[in-house]
Every structure is written in structure tokens, then in C-alpha cells.
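Derivation of every value follows stated rules applied to the coordinates shown; laboratory data play no part. The shown structure was predicted, so the numbers you read here are calculated from the model rather than taken from an experiment. Here Cβ is always computed from backbone atoms with ideal geometry, including for glycine, and neighbour counts include all displayed protein chains.
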There are 2 protein chains.
Amino acid sequence: MPYFTLDTSSLRHWLTEHADLASRLGGNPEDWMIREVSDGNLNTVFIVAGPDGQLCCKQALPHVRVAPEWPMPLQRALYEARYMRATADAVRPAAPELYFYDEEMFLLVMECLTPHEVLRSALIRDDAQPGFSASIGQYVARSVHATSWISRPFEVGSKLLEEFSGNTALTRITVDLILTDPFRPCSRNPEAEAALLSDVTALQDNKPLHRAVGVLQDRFLTARQALLHGDLHTGSIMLHRDDVRVIDGEFATMGPIGFDCGLYLGNLALHACAAPHKQDFIRTEIIAFWSSFTNEFRALLKTGGGDVWALSDETQREELLENFLTSILQDTAGFCGLEMIRRTIGFAQVADYTLCPTPENRTQARRKALQTGQRLILDASTVQNLSDVLALLTLV
Amino acid sequence: MPYFTLDTSSLRHWLTEHADLASRLGGNPEDWMIREVSDGNLNTVFIVAGPDGQLCCKQALPHVRVAPEWPMPLQRALYEARYMRATADAVRPAAPELYFYDEEMFLLVMECLTPHEVLRSALIRDDAQPGFSASIGQYVARSVHATSWISRPFEVGSKLLEEFSGNTALTRITVDLILTDPFRPCSRNPEAEAALLSDVTALQDNKPLHRAVGVLQDRFLTARQALLHGDLHTGSIMLHRDDVRVIDGEFATMGPIGFDCGLYLGNLALHACAAPHKQDFIRTEIIAFWSSFTNEFRALLKTGGGDVWALSDETQREELLENFLTSILQDTAGFCGLEMIRRTIGFAQVADYTLCPTPENRTQARRKALQTGQRLILDASTVQNLSDVLALLTLV
């Protein structure tokens, strides 16, 4: 079937032609309740409910959903399907199950997550059950362990490089919106609020900062350590009580492991900037993330490895791993800083700032995010342990 | 045409069916002189001479040519063709022109290099015109500049990652024969000569060395800086007077730039071990290589760049580049050490040792190569400039 944009009516028809999916819904097509719940920037999402079950249907649009004049190749849905397939066995049940991918319709049909809500919304409503970050740490450890050179024969990573390097349309977004635009005047950056103009100008004139960003640009494109989610912010996570799921893997690319960690921590840290009374809560989540990530990664690597470090015995592997974790933490600090800045003054800012009770509070929160982000980027290479990162975040 | 192994007769027939190629030869098919000149480990190579010109025809065999029981996917010829196409414009005239690639016959038809000879043979016969290493330095600078993140929009490198990551059969050879086997007892390692047994045992028991090799294994697979030749030893270079050409790019992969540099310098250094009276000559070549590589790379990067360092002005780019060159030199030292060891005790050793006048000299030369190689691997990360590398090579 050649591609066309689905609506509730054509989706109903499409589902009737896919018996496996229809049988998950049960009943008759006319019984199915279909509603559009599109929330992200890029795609249309439908929830379909039948008497026996529900489905989530996500279709790529040929343009950015929230900016129709910005074309966006449909192919990104394929990379999301590939990412889900490449990581499913390792991360189950921390991601929705992919039931079907339609290559021509660029449509993913997957497990419907109800009554889950998006972590960012839950945080804003102060409704997230504490400890969710441990699940995310475990998720990152498991997904990168399944795909890295130090844990798998190199042919596994080579295949992933081959399969994901074509995902340039979305990687271009990362390169521009996270790694470049916020640090220079750029038409894609929304106009900054007046009270922040001098902060933004200073940041865009900060040469040492640009140098440090250059190092992170190089890390992102050169250090192909493992398969990344590539967009692991609090809007890419859904949860209900202690059931935490990672969604929206369309930015998947082989890259530095600290990129996934850094984006996640950056969004937690932004929340703490916007809601200073929740600093202790966020601090505990950050500690839970890193502790869970490192413990899970250490445990997984005990069960054998890949071509890298093949000559080393267990003692030496442990030492190499600790050095590796430190270098991941340095990347994490740097990418965390980038994310805090881009979500504050770049395209696609975060809703967390709506928590600020007054415009002055909001300006203060944003200023803190910009200052913290710059400090993280500038000092990333000096980080030796999580306390150093917490200190840079002023969360000690 | 389904694949079959060509001989002189079937190649003559195949050429008659390719008018463009036949016209380069001129005359009638029966006038063409065809001789097999296979020399490397993997392929059959024919030189075809007609009244108007010559062709070099290289066909992949389904097994290692010198070890028929070792199967080897034909697909490697495709990667060599892709490498030649990806780098031709940048490196011309330092590589033979590719005239035609037959995807079904896994056959490359290219410019015939006569009266060129292989650099390794020329070195052994003491017949290489000094200064050839400057051409190689320029070649490496040009090929990696055409393909790296710091010089091109990231989509260029992403496409190359997509096109070359499937070259796993030959990368597996690199991973095993260079990065792993020489450092452990392994059936692929030829039996060491008796006088070297204790040296080999010590090397295979050297835990700090294995740790340092582990770091290089990680660099090779993770640091995808640019498109590498992947097998840049003195047997992959042909020359006639000052006309220097790089051939045999079938190991091409995206990787750390220091890998190409290190393999080349490692083979020069091995030659100096085998022929100690030529140390000054080799030292001069090493200096010429590095000076030519760095000068050419600096000059090329003046004409604009890629997404990496896009925020930096010229002064800052120069500083970032100098740091980058130091890190390339550190990789170079490490991979140089690996190459010296694998070509001395691993599979596919080098003919340079035939220069040693007595068996005792040969043992001494090999011992020196092993000691130098270990020192380079262990101290690679301390290197700050070429003098440090020359000191490790005892060529100061």
C-alpha cells in the first residue's frame, strides 16, 4: 500500500486487513474506539481500543508535526522499528512490545501503555513514584550492553553501524539543535525573553565554551560505543507506578553511551532548576540512575565479553571497566550540559518551566539552567565520580 | 555472469565483452598478453597488455589464496571498489584509477602500474628513491580529510559508515591477526623460532601489555574518525621513482586515523630492525611521513570544515587541530607497536627479515621489533610529539 497519512477512519480500515492485530483488539471493527493522541513533535499517534485489548499506532508524517513547513523523511519510523527490535530482548519489559511495522505506511503498531503517563508530565504534576530512574539506569545498561564492542563480537556492532548510520535526518536534528544552534544566533532558536538576552549573548560569545562543545561534537560523531536511544529525555519515558517504559527510539544511532545518560540527567536537572524545592528528590533520582546503570553494566559484563578486552582476565577487565565508566560519566556531564542549554534557549524547550510561579522565578530557573549547563560542558573532562557531577549541578 | 574463478583464457574472453576496456588495450584479443602476477595473500591478479595499453585485473577468490582451506567472502572486492571510489578524487594521482568493477565476478579492472614495484621489495633491494613517505603522508591526509567529521558535513561520514561497516570479513582479520592473536597462544600464529620462545612467552604473559592492547582494540572499533585504507603496509604501496601509489584498499573501514599511520610507520620500523644500517634512512622517512601528513592536513582544513568545530573560529580550530594531531600520534604509536609485533610473530610475517645476514642477526632483529613494539604499545598515551615516537623506536 503506497503511503498516505492515516486518520481514524483509514486506520480502522487498515487494521481490519491485519488479522493478527485485529484479533488483539477483538470484537468488530466498528466496536473499536480510535483516538488521536499525538503529543511529540514529529508523528501522529493513535490509541485503538477494542473489547479484548488496545494498540498504539504511530505513523511518521512527511514533515515535523508541529512545524509543517519543515520536511522530515518518513524513513525515521524504520529506524525506530529497528531500534525496538535490536534492543527488545535486552530491555524487556522496559519498552513497549512492537507488534508490527509497515514499511510502506511507515507505521509502527505496538503495545498500548495505559494507564501510563509521560514522565515529564508526571514530574510536573508531582505524581511520579520515586525510584523510576533506577529503571532507566538499568534500561541504558541493558541496551548498550547488548550492542557494544566490549560486550559483543564486533560483528554485532558493525551490523548496527550499517543499519543505523542512514538515520541522518534525525541525527541532523541532534547535530543542529543540541550540538550547534543554541551556541550561535540562529533562526531556529526562539527569541529569548528580554531578561535573558545578555545571558544568551554571553553564552554565544563564550569561546572556551565553544571549544568544549567542539570536543562533544566530536565525541558524538566519532565515539561509536553502542546503540543509543538518542533522545532519552523525560518525554520519551512513560510510567505507571513502578512500571517504567522507554518509547520513541527514532533518533537511534551508534554513539557515545554518555549521550543517553546525559540527556536523561539533563532533563532531571532542568526539572530541579524549574522546581527548586524538588532538588533533593531529583538528586536522589540522579544517584539512583547512575548507581543502577553502573551496577547493571558491571553485572552484565561478568558474563563474558566481545573482542575488545579479550586478552584481559577478570581483574583487569574490572579495572578497564571502571576507567570506561569514568569516561562515560565525563561524556554524561558534557551532554547533560548541552541538553540543559538547548531545552532552555533552543528549539523544543521543556514544559517544566511552567512550574515556576512567577516570570521572575522562570527567568531565574532558566538562568540557573544556562549557568549549570555551561559549567558542566566546560568541566566535563575533570569529572571523576558522580559527586563531581552533583557538585557541578549544585545538587550536593 | 555468475561468479567463476578467472584464468588467463576466460579473462581474455571476459575482456572482449567489455568494449571500453578492450579499447584501452587496442589490437585484437589474440594480441593481448595476459600473465598472472598474484602476490598478496588473498586474490588473483592479472596484467593484460595490448598494443595501446595495459590493464590490471584483480579478482577475489572464495578463500585465502595462500591458505585455500580458509574461506573468505568474495564481497571484499566490493569494499575495495568502494574505497577507491570514495577516495579517488581526493588522492589522485596517488592511487591507480579504477576503470570498472564487476559486481558479479568480484573483479576490479584498474590502471596498470608499470614499471612500478612494491615498496617492500624496493626497500629490501635498497632501491626506493628516498622521500616516498612524504607521498604517503599526503595520501593519508587527503583520504582522511575527504571522509572525516571535522572536515565534512556529518552525512558524508554517516554514508561511509553505512557503506563500509559490512566489511566484517576483513575487519575480522584485523581484529584477530593484529589486535589479538599475537598476544596469546593461538593456532594461527606460526611456531616461533626456538631462540625467541622465551620472548614470545613473556609477551603473551605481559598483563600491562594486554591492558594497553585492550585500549587499542577499543580505539580501533570505537573511534570512527575517518575512512581508513586499513592495511597500509609497505606491501600495499607501489612506486617508480617519485611516483608513489597506494593499492589494495579491501580492508577499508571507518576507524582511527592513527591506524593507517601506525601500520605504515610500523612497517618502516620493522625494516630498520631488519637492516640496522638503514636506521638513519628510515628515521628520515618517518619524519617525512609525519611532517607531510600534518602539513597537508592543516592546509586542507583551512578551506572549511564539517559539523564538528563549526562554532570555533580559525584560531580555535588550529588549537583543536593540534590536540587532534597529538591524539592521532598517540594512536599511531600504539598501532605501530601492534603491527611490529604481529608482523614478527603472528600470521603474515614480513620478508624484510630476509635481509638479516645470519640467523643470529635475524633473531636479534625480531627481538628488537618485539621489544620496540611492546614499548610503543605501553607508552603510546604518553607521546606528545614525533620525537617521543622516534625515541620509543630508538631512532633518535
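A few notes on this one:
- Packing-based exposure ordering (other Cβ within 10 Å, fewest first) of B:Glu103, A:Glu69: A:Glu69, B:Glu103
- In the assembly of identical copies, A:His240 has its label point, taken 7 Å from Cα in the direction of the beta carbon, separated from the corresponding points by 7.6 nm (ascending, one decimal).
- With its label point defined 7 Å out from Cα along the Cα-to-Cβ axis, B:Trp70 lies at 5.2 nm from the matching points of the other copies, in increasing order.
- Peptide A:315-323 shows a mean partner chain C-beta count of 2 within 10 Å per residue C-beta.
- Packing order of peptides B:268-276, B:346-354, highest average first: B:268-276, B:346-354 (average count of other Cβ atoms within 10 Å over each peptide's residues).
- Annotation: amide H of B:Ala95 within the under-5 Å range of B:Val246, sequence separation 5 or more or interchain, hydrogens built in the peptide plane.
- Averaging the Cα positions of each part gives two centres, and for segment B:209-234 and segment A:315-359 these lie 29 Å apart.
- Debye equation applied to the C-alpha atoms of segment B:1-144, log10 I(q)/I(0) at 0.12, 0.19 Å⁻¹: -0.56, -1.27
- Count of Lys pairs (Cα-Cα under 30 Å; at least 8 positions apart or interchain) in chain A: 4
- Using only Cα coordinates, the Kirkwood hydrodynamic radius of segment B:338-381 works out to 10.8 Å.
- The mean number of Cβ atoms from other chains found within 10 Å of a Cβ in peptide B:221-230 is 4, as a whole number.
- 10 Å-binned pair-distance histogram of the protein assembly as shown (Cα, whole percent): 2, 13, 21, 23, 18, 13, 7, 3, 0, 0
- Helices in chain A that qualify as membrane-span-like (whole DSSP H runs, Cα extent of at least 27 Å along the helix axis, mean Kyte-Doolittle hydropathy of -1.0 or higher) are A:279-301, A:314-345.
- Residues in segment A:339-358 that a label on A:Glu191 would reach, taking backbone N under 18 Å of a point 7 Å out along Cα→Cβ: A:345-349
- Viscosity 1.002 mPa s, temperature 20 °C, Stokes-Einstein D of segment B:256-396 from Kirkwood C-alpha radius, µm²/s: 135
- Projected onto planes of every orientation and averaged, the convex hull of the alpha-carbon atoms in segment B:298-381 covers 7.9 nm².
- D (Stokes-Einstein, µm²/s), Kirkwood Cα radius, segment B:252-313, 1.306 mPa s at 10 °C: 114
- Among the cysteines of the protein assembly as shown, those with no neighbouring cysteine Cβ under 4.7 Å are A:Cys57, A:Cys186, A:Cys261, A:Cys273, A:Cys336, A:Cys356, B:Cys57, B:Cys186, B:Cys261, B:Cys273, B:Cys336, B:Cys356.
- Relative contact order, percent, chain A [alpha-carbon distance under 8 Å, six or more residues apart]: 17
- Estimated distance in nm for a label pair at A:Ile47 and B:Glu97, the labels positioned 7 Å out from Cα along Cα-to-Cβ: 6.5
- Quotient of Cα Rg and 2.2 N^0.38 Å for segment B:49-126, N being how many residues it contains: 1.26
- Value of Rg to Rh for segment A:117-392 (Rh from inverse mean 1/r over Cα pairs, i.e. Kirkwood): 0.96
- Take each residue in A:168-175, count the other chain C-beta atoms within 10 Å of its C-beta, and the mean is 3.
- Reduced Cα scattering model of segment B:79-171, Debye log10 I(q)/I(0), q = 0.24 Å⁻¹: -1.29
- Rounded to the nearest 500, the 222 nm mean residue ellipticity of chain B from helices alone is -16000 deg cm²/dmol, with -39,500 (n - 2.57) taken per DSSP H run of at least 4 residues.
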